[in-house]
Amino acid sequence: MSYVAIKGGADSIRASKRFFRDSICLAKGIGDDELQKGLIFSCDRIMSEGALYSEKLAAEAMRRTGGDLFEAAFYLRAHRSTCRRIGEAEPLNSSSMRVLRRISSAFKDIEGGQILGPSCDYVIRLFRVKIGDTPEFSAARSGKSGLPPILTGNDSTPSGVECLRRRDQIIVLENKEEKPFDVSRSFPLPPYPRSALMQVMSRGETGAMLAFSYTSMRGYGDVHPTIGDLRIGYLSVEFIHPFTGNKVKIGEIRATACESIGSFNSDPKDGKLRLATGFGFCIGFNETKAIAMSILDMAMHHKGYSIGGIDIATNPEIIMHHVDGIESSGFANHFKLPHYVTFQADLQVLEKAKEQTDE
Amino acid sequence: MKRENNNFYLQQAEQDEINTLSQQIKCRANVQIIQQPTAQTLMLPIDDPVNQGTFYGGEVLVSSAIVQVNDVDGWAMVMDDTPVLALSIAILDAAYAAGVEQEAIAKLVQQGRQRHEQNLQNTQTEVAATKVSFDLM
């Protein structure tokens, strides 16, 4: 395929941009707080898929795009590439999360307890019910719930899967990497390192991740997991103070983590039967994405979940190249650009083919 | 008071007061800006429970600055694109290490700590209300 440059149309392009800005100008009046705290799940999707945690820029991206999440994530991903990378934070472990919500569908009683947290799982999706009007919510918001506070903020809350791990009932995959691969600097060749697959999925587009994992759940694969541990909450970001050499807390980020448990498999390490697990993690609150990621992780790393070897979710080649929202939306949208010459060539080929068929 | 705690707690304190105090320190002490506050990114390595390895879960936007107050180094790294706050906290960090305005800095740190703990308390009250133990039928 070849591209042919076009020229002209500068005034119309300027007018189009102006028209776009005018159409969404009311967004300018929406403040950072309203967007960051009111539309938290949109902000979190933008940050997660843009692979950059910045609540300020997520809000700004939403204003500039009229709430188009694909475009907004594009803004963040583009901005990320313009910033100097100063280094790595200390590794983040989801068991040290200050949890707001933490559930397990595998075990009724888990260390630390089941915490429903802020969730719309129990909301009836009918407009006549208003969440903000329920008395329980208002009481808790105003700090008058009368319940004893639990201060587990700095405690470690182990995953619900941890008890199985301690009992040696979980497959621990071999770690073949000294340091994690970074797909934002170079793209790996197959067979893809696990860390590269996890990074790609962690910044993957929620809809794509869900759709691919759904293929396995529904029948084009064989993953039907039990959620061992699903949590949302805050993780501390720490860095080393350059002058004291000690750890310094920079701030906290919202995050979601999910460990799914699959059926038992033969452990490649010693051939014993153990349970397979998958891990999903993304910045921001996005349970659907974390669950989908854990399913894809399990499907790709345990071939027993493949049916006939032709399914989608078990294929790293498919997942690696098709879950990124910036790339896929960019490709889809490029079809809108002028293809006059290539299409004329298509028409000429059609005419020639017709001539030859007629002959 | 641990110097390393100041960076986080000062971000929770009243920002106008932090900026005012850093301006006062600029007037009273010799403040040199070694590195202007700039927005940078930090990679976020995530511990992977499946293979006990790590992977990158994304990046976080931070702002950092390096200064000297009376020849003592100070540094700050704060969340998001907030260069003014980064510079002010870096000045406070160096001033604290140099023994300049320590009492005023400690007061602001305390203010930030109290705000953070109050927020935690409020959140944990709401979290506690959602703790559940389902009964089997």
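What follows draws every value from the coordinates through simple rules; no lab data is involved. These numbers come from a predicted model, not from an experiment. All Cβ positions, even for glycine, are placed from backbone atoms using ideal geometry, and neighbour counts span all protein chains on display.
As a length-normalised measure over Cα pairs under 8 Å and 6 or more apart, the relative contact order of chain A settles at 18 percent.
Taking a straight Cα-Cα cut-off under 20 Å and skipping sequence neighbours fewer than 8 places away in the same chain, no lysines fall within cross-link reach of residue A:352. Relative to the longest principal axis of the Cα atoms of chain B, the long axis of helix B:15-28 lies at roughly 30 degrees. Normalised by residue number, the volume inside the convex hull of the Cα atoms of the stretch B:16-80 is 111 Å³ per residue.
So, counting K/R as plus one and D/E as minus one, what does the shell of residues with Cβ under 10 Å around residue B:127 add up to?
On the way: positive: A:98, A:101, A:102, B:131; negative: B:126.
Net of charged neighbours comes to +3.
Summing +1 for each Lys or Arg and -1 for each Asp or Glu among the other residues whose beta-carbon sits under 12 angstrom from that of residue A:37 gives -4.
Helix B:83-98 and the longest principal axis of the Cα set of chain B meet at an angle near 70°. In summary, the lysines within cross-link reach of residue A:336, defined as a Cα separation below 23 angstrom excluding same-chain residues under 8 places away, comprise A:7, A:17. Using the Cα coordinates of the stretch A:10-82, the gyration tensor eigenvalues translate into equivalent-ellipsoid semi-axes of 22, 16, 8 Å, sorted from longest to shortest.
Could you give the C-alpha radius of gyration of the stretch A:34-74 expressed as a fraction of 2.2 N^0.38 Å, taking N as the number of residues it contains?
Here the Cα radius of gyration is 0.92 times the empirical estimate.
Just round it to a whole percent: the fraction of Cα-Cα distances in the stretch A:232-295 exceeding 13 Å. When all Cα pairs of the stretch A:232-295 are counted, 70 percent exceed 13 Å.
When Rg and the Kirkwood radius Rh are both evaluated on Cα atoms of the stretch B:3-120, their ratio Rg/Rh stands at 1.06. With contacts defined as alpha carbon pairs under 8 Å and 6 or more residues apart, what's the relative contact order of the stretch B:3-120 in percent? Worked out over the stretch B:3-120, it gives 32 percent. Over the stretch B:65-137, all Cα pairs binned in 5 Å intervals from 0 give whole-percent P(r) values of 3, 15, 14, 17, 13, 9, 8, 6, 5, 4, 3, 2, 1, 0, 0, listed from short to long. Within the straight-line cut-off of under 13 Å between alpha carbons, the aspartates and glutamates reachable from residue B:131 are A:109, A:111, sequence neighbours fewer than 8 places apart in one chain being disregarded. Counting Cα-Cα pairs of the protein assembly as shown in 20 Å increments starting at 0 gives whole-percent bin shares of 20, 49, 26, 4, 0.
Please find, in a Gaussian network model of chain A (springs between Cα atoms separated by less than 10 Å), the residue of A:245, A:271, A:66 whose mean-square fluctuation is greatest. Result for chain A, Cα springs under 10 Å: A:245 fluctuates most.
The listed peptides B:42-49, A:184-191, B:125-132, ordered by packing as a protection proxy, come out as B:42-49, B:125-132, A:184-191 (highest mean of other Cβ atoms within 10 Å first). Comparing A:46, A:240, A:312 in a Gaussian network model of chain A, where Cα atoms under 10 Å apart are tied by springs, the biggest mean-square fluctuation is seen for A:240. At q = 0.10, 0.14 Å⁻¹, what base-10 log of I(q)/I(0) does the Debye formula yield for the stretch A:165-265 when every alpha carbon is treated as an equal point scatterer in vacuo? For the stretch A:165-265 at q = 0.10, 0.14 Å⁻¹, log10 I(q)/I(0) is -0.45, -0.87. Where only DSSP H runs of four or more residues are counted, the protein assembly as shown gives -13000 deg cm²/dmol as its mean residue ellipticity at 222 nm, each run worth -39500 (n - 2.57). Net charge in the neighbourhood of residue B:74 (other residues with Cβ under 14 Å of its Cβ; Lys, Arg +1, Asp, Glu -1) is -3. Based on the reciprocal of the average 1/r between different C-alpha atoms, the Kirkwood radius for the stretch A:319-359 equals 12.8 Å.
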